[in-house]
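For reference, the structure discussed in these notes is given below.
The values are calculated or read from the model by the stated rules, or taken from the named source; none is laboratory data. These numbers were taken from a predicted model, which means no experiment stands behind them. Ideal geometry is used to build each Cβ from the backbone, glycine not excepted, and the neighbour counts take in all protein chains shown. Just so you know, the surface numbers come from the protein's heavy atoms only, side chains and all, with ligands and any DNA or RNA stripped out. Shrake-Rupley method; radii C 1.70, N 1.55, O 1.52, S 1.80 Å.
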Amino acid sequence: MSSRDGNRVRIAVVGCGYVADMYRDCLALHADGLELAGVYDRDPARLAAFTRTWGDRAFGSLAELLAEPGLAVVLNLTDPENHAPVTRAAIAAGRHVYSEKPLGLTFGEARSLREAADAAGVRLAAAPSNILGEQAQTLWRAVRSGAVGRVRLVYAELDDGMVHKADYRRWISRSGRRWPAEGEFETGCTFEHAGYVVTLLVAMFGPVRRVTAHAALLIPDKECDQPVHPAPDFSCGLLEFDGGIVARLTNSIVAPYDHRLRIVGDGGVLQVDEPWDFAGPVRLKRTATTRLDRLIERRFPARKGKVVPAPRPVPFRGGRGRPTMDFLRGVREFADAIAAHRPSRMDADLAVHITEVTEMLQHPERFPRPAPVTSQVGAMRPMDWAV
Ligand SMILES: NC(=O)c1ccc[n+]([C@@H]2O[C@H](COP(=O)([O-])OP(=O)(O)OC[C@H]3O[C@@H](n4cnc5c(N)ncnc54)[C@H](O)[C@@H]3O)[C@@H](O)[C@H]2O)c1
(Lines give C-alpha, C1' and ligand atoms only; values in the text may rest on other atoms or scores of the structure.)
Protein backbone atom coordinates (compact mmCIF):
# COMPACT_ATOMS: atom_id res chain seq x y z
CA MET A 1 0.00 0.00 0.00
CA SER A 2 1.50 3.29 -1.05
CA SER A 3 1.03 6.26 1.25
CA ARG A 4 2.44 8.67 -1.30
CA ASP A 5 0.82 10.29 -4.26
CA GLY A 6 3.85 11.33 -6.30
CA ASN A 7 5.83 13.16 -3.65
CA ARG A 8 2.83 13.89 -1.49
CA VAL A 9 1.86 12.12 1.72
CA ARG A 10 -1.87 11.42 2.09
CA ILE A 11 -3.44 12.74 5.25
CA ALA A 12 -7.01 12.89 6.56
CA VAL A 13 -8.51 15.13 9.24
CA VAL A 14 -10.73 13.96 12.10
CA GLY A 15 -12.46 16.86 13.85
CA CYS A 16 -13.56 19.87 11.78
CA GLY A 17 -13.83 22.44 14.55
CA TYR A 18 -12.27 25.82 15.25
CA VAL A 19 -8.63 24.84 14.82
CA ALA A 20 -9.27 22.68 11.75
CA ASP A 21 -9.88 25.86 9.74
CA MET A 22 -6.43 27.12 10.76
CA TYR A 23 -4.78 23.89 9.67
CA ARG A 24 -6.76 23.90 6.44
CA ASP A 25 -5.72 27.48 5.73
CA CYS A 26 -2.09 26.33 5.78
CA LEU A 27 -2.53 23.43 3.35
CA ALA A 28 -1.58 25.55 0.35
CA LEU A 29 1.86 26.04 1.94
CA HIS A 30 2.41 22.28 1.64
CA ALA A 31 0.87 21.56 -1.74
CA ASP A 32 4.11 19.84 -2.75
CA GLY A 33 4.23 17.56 0.29
CA LEU A 34 0.77 16.84 1.68
CA GLU A 35 -2.40 15.65 0.02
CA LEU A 36 -5.66 15.87 1.94
CA ALA A 37 -7.69 12.72 1.25
CA GLY A 38 -10.72 14.04 3.13
CA VAL A 39 -12.17 15.07 6.46
CA TYR A 40 -14.62 13.75 9.04
CA ASP A 41 -16.52 15.16 11.99
CA ARG A 42 -19.10 13.26 13.99
CA ASP A 43 -21.24 16.39 14.04
CA PRO A 44 -22.89 16.31 10.58
CA ALA A 45 -23.65 20.06 10.58
CA ARG A 46 -20.01 20.87 11.38
CA LEU A 47 -18.78 18.48 8.72
CA ALA A 48 -21.10 20.03 6.15
CA ALA A 49 -20.06 23.59 7.05
CA PHE A 50 -16.40 22.68 6.80
CA THR A 51 -16.60 20.86 3.48
CA ARG A 52 -18.81 23.62 2.05
CA THR A 53 -16.15 26.17 2.97
CA TRP A 54 -13.13 24.28 1.72
CA GLY A 55 -14.55 21.94 -0.92
CA ASP A 56 -12.99 18.89 0.70
CA ARG A 57 -14.28 15.35 0.50
CA ALA A 58 -16.36 14.30 3.51
CA PHE A 59 -15.98 10.81 4.90
CA GLY A 60 -19.20 9.25 6.16
CA SER A 61 -17.67 7.79 9.31
CA LEU A 62 -14.40 7.40 11.16
CA ALA A 63 -14.25 3.79 9.98
CA GLU A 64 -14.58 4.89 6.36
CA LEU A 65 -11.79 7.44 6.82
CA LEU A 66 -9.50 4.91 8.45
CA ALA A 67 -10.12 2.43 5.64
CA GLU A 68 -9.14 4.95 2.94
CA PRO A 69 -6.55 3.29 0.66
CA GLY A 70 -3.10 4.88 0.73
CA LEU A 71 -3.84 6.99 3.79
CA ALA A 72 -0.62 7.55 5.75
CA VAL A 73 -1.35 10.05 8.50
CA VAL A 74 -4.47 10.72 10.53
CA LEU A 75 -4.56 14.29 11.76
CA ASN A 76 -6.52 14.25 15.00
CA LEU A 77 -8.04 17.70 15.53
CA THR A 78 -10.79 16.67 17.91
CA ASP A 79 -11.21 18.31 21.29
CA PRO A 80 -8.79 17.06 23.98
CA GLU A 81 -11.25 14.61 25.56
CA ASN A 82 -11.55 12.80 22.26
CA HIS A 83 -7.85 12.71 21.41
CA ALA A 84 -7.17 9.32 22.98
CA PRO A 85 -10.13 7.35 21.55
CA VAL A 86 -9.60 8.72 18.02
CA THR A 87 -5.83 8.22 18.17
CA ARG A 88 -6.34 4.68 19.47
CA ALA A 89 -8.76 3.85 16.65
CA ALA A 90 -6.33 5.19 14.04
CA ILE A 91 -3.43 3.22 15.53
CA ALA A 92 -5.57 0.07 15.52
CA ALA A 93 -6.23 0.70 11.82
CA GLY A 94 -2.47 0.86 11.21
CA ARG A 95 -2.29 4.62 10.57
CA HIS A 96 0.34 7.02 11.78
CA VAL A 97 -1.18 9.77 13.94
CA TYR A 98 -0.42 13.43 14.42
CA SER A 99 -2.62 14.74 17.24
CA GLU A 100 -3.42 18.22 18.40
CA LYS A 101 -2.12 18.76 21.91
CA PRO A 102 -2.29 17.35 24.42
CA LEU A 103 -1.50 13.85 23.18
CA GLY A 104 -3.53 12.57 26.16
CA LEU A 105 -5.23 14.14 29.14
CA THR A 106 -2.72 12.55 31.51
CA PHE A 107 0.86 11.35 31.34
CA GLY A 108 -0.44 7.79 31.76
CA GLU A 109 -2.82 8.14 28.82
CA ALA A 110 -0.09 9.61 26.59
CA ARG A 111 2.31 6.84 27.54
CA SER A 112 -0.24 4.14 26.80
CA LEU A 113 -0.89 5.66 23.36
CA ARG A 114 2.84 5.55 22.64
CA GLU A 115 2.90 1.89 23.70
CA ALA A 116 -0.05 1.12 21.43
CA ALA A 117 1.65 2.86 18.50
CA ASP A 118 4.92 1.02 19.12
CA ALA A 119 3.09 -2.31 19.30
CA ALA A 120 1.27 -1.55 16.02
CA GLY A 121 4.45 -0.38 14.29
CA VAL A 122 3.06 3.09 13.56
CA ARG A 123 4.33 6.50 14.55
CA LEU A 124 2.82 9.14 16.77
CA ALA A 125 3.38 12.87 17.21
CA ALA A 126 1.58 15.84 18.67
CA ALA A 127 1.30 19.60 18.32
CA PRO A 128 2.44 22.23 19.03
CA SER A 129 5.06 22.53 16.33
CA ASN A 130 6.00 26.17 16.80
CA ILE A 131 9.56 24.99 17.53
CA LEU A 132 9.80 24.41 13.77
CA GLY A 133 8.90 28.03 13.02
CA GLU A 134 11.28 30.74 11.90
CA GLN A 135 11.08 32.67 15.16
CA ALA A 136 11.80 29.67 17.40
CA GLN A 137 14.59 28.44 15.13
CA THR A 138 16.14 31.93 15.21
CA LEU A 139 15.93 31.96 18.99
CA TRP A 140 17.41 28.49 19.31
CA ARG A 141 20.21 29.32 16.88
CA ALA A 142 21.06 32.43 18.90
CA VAL A 143 21.20 30.32 22.08
CA ARG A 144 23.40 27.69 20.36
CA SER A 145 25.74 30.31 18.99
CA GLY A 146 26.29 31.70 22.49
CA ALA A 147 24.62 35.06 21.78
CA VAL A 148 23.90 35.46 25.51
CA GLY A 149 26.67 33.21 26.78
CA ARG A 150 25.76 30.58 29.31
CA VAL A 151 22.00 30.41 29.87
CA ARG A 152 20.94 30.56 33.52
CA LEU A 153 17.28 31.48 33.70
CA VAL A 154 14.12 31.63 31.59
CA TYR A 155 11.03 33.69 32.32
CA ALA A 156 8.02 32.74 30.25
CA GLU A 157 4.53 34.20 30.47
CA LEU A 158 1.48 32.70 28.84
CA ASP A 159 -1.16 35.01 30.25
CA ASP A 160 -4.15 35.40 27.99
CA GLY A 161 -6.13 38.12 29.74
CA MET A 162 -9.55 37.52 31.29
CA VAL A 163 -10.86 35.40 28.48
CA HIS A 164 -14.26 34.80 30.14
CA LYS A 165 -14.84 38.58 30.03
CA ALA A 166 -13.80 38.84 26.39
CA ASP A 167 -16.24 38.89 23.47
CA TYR A 168 -15.28 35.31 22.56
CA ARG A 169 -18.83 34.56 21.44
CA ARG A 170 -17.85 36.53 18.36
CA TRP A 171 -14.66 34.58 17.69
CA ILE A 172 -15.82 32.58 14.69
CA SER A 173 -13.62 30.40 12.50
CA ARG A 174 -13.72 30.61 8.72
CA SER A 175 -16.24 27.77 8.40
CA GLY A 176 -18.40 29.24 11.15
CA ARG A 177 -17.34 27.39 14.31
CA ARG A 178 -17.62 29.49 17.45
CA TRP A 179 -14.52 29.39 19.64
CA PRO A 180 -15.26 26.49 22.04
CA ALA A 181 -14.98 28.47 25.27
CA GLU A 182 -16.59 25.87 27.53
CA GLY A 183 -14.20 23.16 26.35
CA GLU A 184 -11.21 25.45 26.68
CA PHE A 185 -12.14 26.36 30.27
CA GLU A 186 -12.62 22.69 31.15
CA THR A 187 -9.34 21.58 29.56
CA GLY A 188 -7.50 24.44 31.26
CA CYS A 189 -5.24 27.14 29.89
CA THR A 190 -2.12 25.30 31.03
CA PHE A 191 -3.01 22.14 29.10
CA GLU A 192 -4.00 24.33 26.16
CA HIS A 193 -0.89 26.51 26.08
CA ALA A 194 2.11 25.40 28.17
CA GLY A 195 3.36 23.16 25.36
CA TYR A 196 4.11 26.17 23.17
CA VAL A 197 6.88 27.16 25.57
CA VAL A 198 7.87 23.81 27.08
CA THR A 199 8.59 22.37 23.61
CA LEU A 200 10.97 25.23 22.84
CA LEU A 201 12.77 24.81 26.14
CA VAL A 202 13.08 21.04 25.77
CA ALA A 203 14.48 21.44 22.25
CA MET A 204 17.04 23.93 23.53
CA PHE A 205 17.94 22.55 26.94
CA GLY A 206 16.96 18.88 26.88
CA PRO A 207 14.35 17.11 29.00
CA VAL A 208 12.84 18.74 32.06
CA ARG A 209 14.32 17.09 35.16
CA ARG A 210 12.06 18.48 37.89
CA VAL A 211 8.87 20.52 38.17
CA THR A 212 7.72 22.54 41.16
CA ALA A 213 4.31 24.04 40.51
CA HIS A 214 1.26 25.70 41.93
CA ALA A 215 -2.09 25.81 40.14
CA ALA A 216 -5.42 27.31 41.15
CA LEU A 217 -8.89 28.03 39.89
CA LEU A 218 -9.01 31.72 40.76
CA ILE A 219 -12.33 32.53 39.07
CA PRO A 220 -14.68 29.52 39.22
CA ASP A 221 -17.61 31.40 37.66
CA LYS A 222 -16.72 31.69 33.98
CA GLU A 223 -20.12 33.26 33.18
CA CYS A 224 -20.72 30.73 30.40
CA ASP A 225 -23.97 30.10 28.55
CA GLN A 226 -24.05 26.57 29.95
CA PRO A 227 -22.67 24.99 33.15
CA VAL A 228 -18.93 24.29 33.04
CA HIS A 229 -16.45 22.69 35.40
CA PRO A 230 -13.38 24.80 34.79
CA ALA A 231 -9.88 23.50 35.31
CA PRO A 232 -7.28 25.72 37.03
CA ASP A 233 -7.12 29.10 35.29
CA PHE A 234 -3.68 29.88 36.72
CA SER A 235 -0.48 27.94 37.11
CA CYS A 236 3.08 28.86 37.85
CA GLY A 237 5.84 26.32 37.62
CA LEU A 238 9.58 26.06 37.91
CA LEU A 239 11.18 23.71 35.41
CA GLU A 240 14.70 22.52 36.09
CA PHE A 241 16.99 21.40 33.30
CA ASP A 242 20.43 19.84 33.22
CA GLY A 243 23.22 22.32 33.86
CA GLY A 244 21.17 24.12 36.50
CA ILE A 245 19.00 26.10 34.06
CA VAL A 246 15.70 27.10 35.66
CA ALA A 247 12.61 28.24 33.78
CA ARG A 248 9.66 29.95 35.44
CA LEU A 249 6.53 29.45 33.35
CA THR A 250 3.24 31.19 34.18
CA ASN A 251 -0.06 30.32 32.49
CA SER A 252 -3.32 32.11 33.12
CA ILE A 253 -6.57 33.36 31.71
CA VAL A 254 -6.70 35.90 34.50
CA ALA A 255 -3.71 38.26 34.23
CA PRO A 256 -3.45 40.70 31.28
CA TYR A 257 -2.21 39.36 27.97
CA ASP A 258 1.53 38.78 28.10
CA HIS A 259 3.34 36.11 26.11
CA ARG A 260 6.92 37.22 26.65
CA LEU A 261 9.64 34.61 26.68
CA ARG A 262 12.98 35.81 28.01
CA ILE A 263 16.13 33.71 28.03
CA VAL A 264 18.68 35.13 30.42
CA GLY A 265 22.35 34.34 29.97
CA ASP A 266 25.53 35.80 31.39
CA GLY A 267 25.90 38.08 28.38
CA GLY A 268 22.34 39.27 27.90
CA VAL A 269 18.70 38.46 27.30
CA LEU A 270 17.01 36.98 24.25
CA GLN A 271 13.35 37.90 24.06
CA VAL A 272 10.33 37.03 21.98
CA ASP A 273 6.95 38.62 22.62
CA GLU A 274 4.70 36.05 20.99
CA PRO A 275 5.88 32.46 20.62
CA TRP A 276 2.98 31.61 18.34
CA ASP A 277 3.90 34.14 15.68
CA PHE A 278 6.39 32.60 13.25
CA ALA A 279 7.20 36.06 11.92
CA GLY A 280 7.74 37.63 15.33
CA PRO A 281 11.18 39.11 15.99
CA VAL A 282 13.80 37.75 18.37
CA ARG A 283 15.62 40.51 20.23
CA LEU A 284 18.92 40.56 22.01
CA LYS A 285 19.71 42.94 24.85
CA ARG A 286 23.18 42.92 26.37
CA THR A 287 23.62 42.61 30.13
CA ALA A 288 23.83 46.04 31.72
CA THR A 289 27.16 46.31 33.49
CA THR A 290 28.13 49.98 33.70
CA ARG A 291 26.40 52.41 36.00
CA LEU A 292 24.97 54.24 32.99
CA ASP A 293 23.69 51.04 31.35
CA ARG A 294 22.01 49.98 34.57
CA LEU A 295 20.44 53.43 34.94
CA ILE A 296 19.08 53.22 31.38
CA GLU A 297 17.73 49.75 32.08
CA ARG A 298 15.97 50.99 35.20
CA ARG A 299 14.48 54.01 33.47
CA PHE A 300 13.52 52.22 30.25
CA PRO A 301 12.77 48.60 31.25
CA ALA A 302 10.70 48.07 28.10
CA ARG A 303 13.75 48.44 25.81
CA LYS A 304 14.16 45.11 24.09
CA GLY A 305 17.39 45.41 22.20
CA LYS A 306 18.43 44.57 18.67
CA VAL A 307 16.58 42.25 16.31
CA VAL A 308 18.46 38.99 15.74
CA PRO A 309 18.56 38.20 11.99
CA ALA A 310 16.48 35.14 11.06
CA PRO A 311 18.02 32.33 8.96
CA ARG A 312 15.24 32.83 6.39
CA PRO A 313 12.17 34.99 5.94
CA VAL A 314 8.78 33.53 6.91
CA PRO A 315 7.29 32.10 3.69
CA PHE A 316 3.73 33.19 4.48
CA ARG A 317 1.85 36.17 5.85
CA GLY A 318 -0.24 35.73 9.02
CA GLY A 319 -2.69 38.14 10.62
CA ARG A 320 -6.01 39.61 9.44
CA GLY A 321 -7.84 36.39 10.18
CA ARG A 322 -5.04 34.20 8.82
CA PRO A 323 -2.99 32.05 11.23
CA THR A 324 0.30 33.51 12.40
CA MET A 325 1.68 29.97 12.68
CA ASP A 326 1.95 27.38 9.96
CA PHE A 327 -0.17 24.79 11.75
CA LEU A 328 0.85 22.10 9.29
CA ARG A 329 4.61 22.55 9.77
CA GLY A 330 4.70 19.71 12.31
CA VAL A 331 2.52 17.43 10.20
CA ARG A 332 4.79 18.07 7.21
CA GLU A 333 7.93 17.29 9.23
CA PHE A 334 6.27 14.12 10.58
CA ALA A 335 5.08 13.02 7.12
CA ASP A 336 8.45 13.73 5.49
CA ALA A 337 10.21 11.74 8.22
CA ILE A 338 7.89 8.77 7.77
CA ALA A 339 8.35 8.83 3.99
CA ALA A 340 12.15 9.07 4.36
CA HIS A 341 12.28 6.43 7.15
CA ARG A 342 14.10 8.88 9.37
CA PRO A 343 13.40 10.03 12.93
CA SER A 344 11.00 12.96 13.18
CA ARG A 345 11.72 16.10 15.15
CA MET A 346 8.12 15.77 16.34
CA ASP A 347 8.25 12.30 17.83
CA ALA A 348 6.19 10.41 20.38
CA ASP A 349 8.78 10.77 23.14
CA LEU A 350 8.58 14.55 22.86
CA ALA A 351 4.77 14.46 22.94
CA VAL A 352 4.72 12.18 25.99
CA HIS A 353 7.31 14.32 27.80
CA ILE A 354 5.39 17.54 27.12
CA THR A 355 2.20 15.88 28.39
CA GLU A 356 3.90 14.78 31.61
CA VAL A 357 5.37 18.22 32.30
CA THR A 358 2.08 19.91 31.47
CA GLU A 359 0.14 17.64 33.80
CA MET A 360 2.62 18.45 36.58
CA LEU A 361 2.06 22.16 35.94
CA GLN A 362 -1.73 22.05 35.83
CA HIS A 363 -2.29 19.33 38.42
CA PRO A 364 0.58 19.50 40.90
CA GLU A 365 -1.72 17.87 43.48
CA ARG A 366 -1.34 14.58 41.59
CA PHE A 367 2.40 14.52 42.27
CA PRO A 368 4.50 14.58 45.47
CA ARG A 369 4.15 18.00 47.05
CA PRO A 370 6.76 20.23 48.70
CA ALA A 371 6.63 20.45 52.50
CA PRO A 372 3.97 22.79 53.95
CA VAL A 373 5.13 25.92 55.79
CA THR A 374 4.68 25.42 59.58
CA SER A 375 5.52 28.81 61.15
CA GLN A 376 2.62 31.21 61.83
CA VAL A 377 2.35 34.98 61.55
CA GLY A 378 -0.37 37.37 62.74
CA ALA A 379 -2.20 39.85 60.50
CA MET A 380 -0.30 43.13 60.08
CA ARG A 381 -2.10 46.46 60.63
CA PRO A 382 -1.67 49.13 57.97
CA MET A 383 0.18 52.31 59.04
CA ASP A 384 -2.23 54.57 60.92
CA TRP A 385 -1.90 57.28 58.27
CA ALA A 386 -2.88 54.82 55.56
CA VAL A 387 -6.08 53.50 57.18
N1 LIG B 1 -9.34 26.74 19.43
C2 LIG B 1 -8.09 27.16 19.25
O3 LIG B 1 -7.83 28.36 19.12
C4 LIG B 1 -6.98 26.15 19.18
C5 LIG B 1 -5.71 26.58 18.77
C6 LIG B 1 -4.67 25.65 18.72
C7 LIG B 1 -4.94 24.34 19.06
N8 LIG B 1 -6.18 23.95 19.46
C9 LIG B 1 -6.39 22.54 19.80
O10 LIG B 1 -7.13 21.95 18.75
C11 LIG B 1 -7.95 20.90 19.24
C12 LIG B 1 -9.34 21.12 18.77
O13 LIG B 1 -9.79 22.34 19.29
P14 LIG B 1 -10.95 23.15 18.60
O15 LIG B 1 -10.90 24.51 19.18
O16 LIG B 1 -10.92 23.00 17.13
O17 LIG B 1 -12.23 22.35 19.18
P18 LIG B 1 -13.68 22.24 18.55
O19 LIG B 1 -14.56 21.79 19.63
O20 LIG B 1 -14.04 23.50 17.82
O21 LIG B 1 -13.54 21.09 17.45
C22 LIG B 1 -13.43 19.74 17.75
C23 LIG B 1 -14.25 18.98 16.73
O24 LIG B 1 -13.98 17.60 16.88
C25 LIG B 1 -15.18 16.90 16.66
N26 LIG B 1 -15.07 15.57 17.27
C27 LIG B 1 -14.94 15.26 18.59
N28 LIG B 1 -14.84 13.93 18.75
C29 LIG B 1 -14.90 13.38 17.52
C30 LIG B 1 -14.84 12.06 17.04
N31 LIG B 1 -14.72 11.02 17.89
N32 LIG B 1 -14.93 11.85 15.72
C33 LIG B 1 -15.08 12.90 14.87
N34 LIG B 1 -15.14 14.18 15.25
C35 LIG B 1 -15.05 14.43 16.57
C36 LIG B 1 -16.25 17.77 17.29
O37 LIG B 1 -17.54 17.47 16.78
C38 LIG B 1 -15.75 19.17 16.92
O39 LIG B 1 -16.33 19.64 15.71
C40 LIG B 1 -7.76 20.90 20.76
O41 LIG B 1 -6.84 19.91 21.11
C42 LIG B 1 -7.19 22.28 21.05
O43 LIG B 1 -6.32 22.23 22.17
C44 LIG B 1 -7.21 24.83 19.51
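Just checking, does the range 177-184 include any residue being at pLDDT 95 or above, within 15 Å of the ligand (Cβ to nearest atom) and open to solvent by 50 Å² or more (accessible area, probe 1.4 Å)? Checking the range 177-184: at least one residue is at pLDDT 95 or above, within 15 Å of the ligand (Cβ to nearest atom) and open to solvent by 50 Å² or more (accessible area, probe 1.4 Å).
Among Arg88, Arg141, which is farther than 30 Å from Glu64 by Cβ and open to solvent by 10 Å² or more (accessible area, probe 1.4 Å)?
Testing whether each residue is farther than 30 Å from Glu64 by Cβ and open to solvent by 10 Å² or more (accessible area, probe 1.4 Å) leaves just Arg141.
Test Gly206 against the criterion of being more than 12 Å from the ligand (Cβ to nearest atom), open to solvent by less than 60 Å² (accessible area, probe 1.4 Å), closer than 13 Å to Val254 by Cβ and touching a Phe, Trp or Tyr at 6+ places or on another chain (Cβ under 9 Å), and give yes or no. Answer is no for this residue.
Go through the range 222-235 and count every residue that is open to solvent by 40 Å² or more (accessible area, probe 1.4 Å) and in a strand (DSSP E or B). Working first, answer last.
Here is the first cut: in the range 222-235, the ones open to solvent by 40 Å² or more (accessible area, probe 1.4 Å) are 223, 225-227, 229, 234.
If we keep only those that are in a strand (DSSP E or B) too, we end up with 234.
Residues in the range 222-235 being open to solvent by 40 Å² or more (accessible area, probe 1.4 Å) and in a strand (DSSP E or B): 1 in total.
The sole residue among Ile263, Ile219 that is among the hydrophobic types (A, V, I, L, M, F, W, C) and part of a strand (DSSP E or B) is Ile263.
Residues that are at pLDDT 95 or above, under 15 Å from Thr250 (Cβ atoms) and in contact with a Phe, Trp or Tyr (Cβ under 9 Å, 6 or more places away or on another chain): does the range 129-149 have at least one? Before you say what the answer is, go through the steps one by one.
As a first pass, look at the range 129-149 and keep what is at pLDDT 95 or above: 129-149.
After this cut, where a residue has to be under 15 Å from Thr250 (Cβ atoms) as well, the list is none.
The answer is no; no qualifying residue exists.
Residue count for the range 185-203 satisfying the condition of being hydroxyl-bearing (Ser, Thr, Tyr) and open to solvent by 10 Å² or more (accessible area, probe 1.4 Å): 2.
Considering the range 86-114 alone, what residues qualify as being within 16 Å of the chain's Cα centre (by Cα) and either farther than 19 Å from Arg366 by Cβ or among the hydroxyl-bearing types (Ser, Thr, Tyr) (or both)? Tyr98, Ser99, Glu100, Thr106, listed by residue number. Taking the criterion of being part of a helix (DSSP H, G or I) and either open to solvent by 20 Å² or more (accessible area, probe 1.4 Å) or under 24 Å from Cys16 (Cβ atoms) (or both), the residues of the range 118-138 that qualify are Asp118, Ala119, Ala120, Asn130, Leu132, Gln137. Residue-level analysis places Arg152 among those that are open to solvent by 40 Å² or more (accessible area, probe 1.4 Å) and away from the ligand (no atom under 14 Å from the Cβ).
Name every residue in the range 244-255 that is surrounded by fewer than 20 Cβ atoms within 10 Å (Cβ to Cβ) and either over 19 Å from the mean Cα position of the chain (by Cα) or of a type in the set (A, V, I, L, M, F, W, C) (or both), in order of residue number.
At the first step, the residues of the range 244-255 found to be surrounded by fewer than 20 Cβ atoms within 10 Å (Cβ to Cβ) are 244, 246, 248, 250, 254-255.
Correct list: Gly244, Val246, Val254, Ala255.
Go through the range 85-118 and give me each residue that's farther than 17 Å from Ile11 by Cα and among the hydroxyl-bearing types (Ser, Thr, Tyr). Those that are farther than 17 Å from Ile11 by Cα and among the hydroxyl-bearing types (Ser, Thr, Tyr): Thr106, Ser112.
Residues that are in contact (Cβ under 8 Å) with a residue 40 or more places away in the chain number at least 2 in the following strands (runs of 3 or more DSSP E) confined to the range 1-117: 8-14, 73-76, 96-99.
Only helices (runs of 4 or more DSSP H) wholly contained in the range 271-385 count here; list those with 3 or more residues that are within 30 Å of Leu36 (Cα to Cα) and open to solvent by less than 40 Å² (accessible area, probe 1.4 Å).
Details: elements: 291-299, 329-340, 348-362.
Those helices (runs of 4 or more DSSP H) span 329-340, 348-362.
Scanning the range 27-65 for residues that are open to solvent by 30 Å² or more (accessible area, probe 1.4 Å) and of a type in the set (Gly, Ala, Ser) yields Ala28, Ala31, Ala45, Ala48, Gly55, Ala58, Gly60, Ser61, Ala63.
Exactly one residue among Ala216, Ala255, Ala247 is without any contact (Cβ under 8 Å) to a residue 24 or more places away in the chain and in contact with a strand residue (DSSP E or B) (Cβ under 7 Å, 6 or more places away or on another chain), and that residue is Ala216.
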